[in-house]
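First the structure, in the form of structure tokens, and then the observations on it.
The values are calculated or read from the model by the stated rules, or taken from the named source; none is laboratory data. This is a predicted model, so every value here is computed, not measured. Methodologically, a virtual Cβ is constructed for each residue, glycine included, from the backbone with ideal geometry; neighbour enumeration extends over all protein chains shown.
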Amino acid sequence: MVIDILRALFGGGTNVVRETAEVFRVNAEAADQRSTETQRAALEQMAGEFKIQDRGGFDRFIDGLNRIPRPAMALGTLGLFVAAMVDPLWFGERMTGLSLVPEPLWWLLGAIVSFYFGARYQTKGQEFQSSIATTIARAPQVAETITALRQLRADSPGMAETRPDAPLSLAALAPADNPALEDWRRRRA
């Protein structure tokens, strides 16, 4: 009887327990196989798109030009962050100049960028221009903060600790009685 039950569960070329479990849980091996096949198909499609065809120099030149804007914009944006930290006044002057650009020109630039990248940049144009104006308005405050920070350098006069716990910190750093050290000094002498 036990053999008949085991044969019913596992025999006959099918596995009733496995098939029942797969109703509730995905077969990991089969899922991995499907994932591998999907990835292989995607890679073959991508390889087909980038096959070297018999194209002329002009086509290769245009393909090269098409690859420039994204890295140029990304590196340019990072360059602006660096410029803002290195020379805030220079950066502020340039951003003030950008605030003088007429709004239709911003919309045209937004349309070009959104067409190239496929984004909805036009709806964000107004917010972008507003944020630039807000940032420029904060430039004097930033300049004052930088001046105040430069006065806080360690080599600036008057920068000693003045909080009430300063004497306690100094007392903790002052040499105190050390019996072991005194004993060692006596032995050496």
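Does segment 54-112 hold any residues that are closer than 16 Å to residue 129 by Cβ and in contact (Cβ under 8 Å) with a residue 12 or more places away in the chain, and which are they?
Result: 95, 96, 98, 99, 103, 106, 107, 110.
Looking at segment 3-55, which of the residues that are among the aromatic types (Phe, Trp, Tyr) and either surrounded by 10 or more Cβ atoms within 10 Å (Cβ to Cβ) or assigned to a helix (DSSP H, G or I) (or both) is modelled with the highest pLDDT? Before you say what the answer is, go through the steps one by one.
Looking only at segment 3-55, we keep the residues that are among the aromatic types (Phe, Trp, Tyr), and these are 10, 24, 50.
Now restrict to residues that are either surrounded by 10 or more Cβ atoms within 10 Å (Cβ to Cβ) or assigned to a helix (DSSP H, G or I) (or both): 10, 24.
Working: 10: 61, 24: 75.
For segment 3-55, the residue satisfying everything is 24.
Counting only residues that are closer than 18 Å to residue 94 by Cα and out of contact with any helix residue (DSSP H, G or I) (no Cβ under 9 Å at 6 or more places or on another chain), which one in segment 108-139 is modelled with the lowest pLDDT? I'd like the intermediate steps shown before the answer.
Restricting attention to segment 108-139, the residues satisfying the condition of being closer than 18 Å to residue 94 by Cα are 109, 128-139.
Of the ones still in play, those that are also out of contact with any helix residue (DSSP H, G or I) (no Cβ under 9 Å at 6 or more places or on another chain) are 130-131, 134, 137-138.
Working: 130: 73, 131: 76, 134: 78, 137: 80, 138: 80.
Checked segment 108-139; the qualifying residue modelled with the lowest pLDDT is 130.
Report, by residue number, each residue of segment 145-162 that is modelled with pLDDT of 65 or more and loosely packed, with under 10 Cβ neighbours inside 10 Å.
Taking segment 145-162 first, the residues modelled with pLDDT of 65 or more are 145-153.
Scanning segment 145-162 gives 147, 148, 149, 150, 152, 153.
Which numbered condition in (1) touching a Leu at 6+ places or on another chain (Cβ under 8 Å); (2) modelled with pLDDT of 80 or more is the only one that residue 185 fails?
Exception for residue 185: condition (1).
Residues are listed down the side, and each one gets a yes or a no for (1) at pLDDT 75 or above; (2) outside the structural domain of residue 99 (by TED's automatic domain parsing); (3) in a helix (DSSP H, G or I); (4) loosely packed, with under 10 Cβ neighbours inside 10 Å:
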position	(1), (2), (3), (4)
143	yes, no, yes, no
164	no, yes, no, yes
172	no, yes, yes, yes
176	no, yes, no, yes
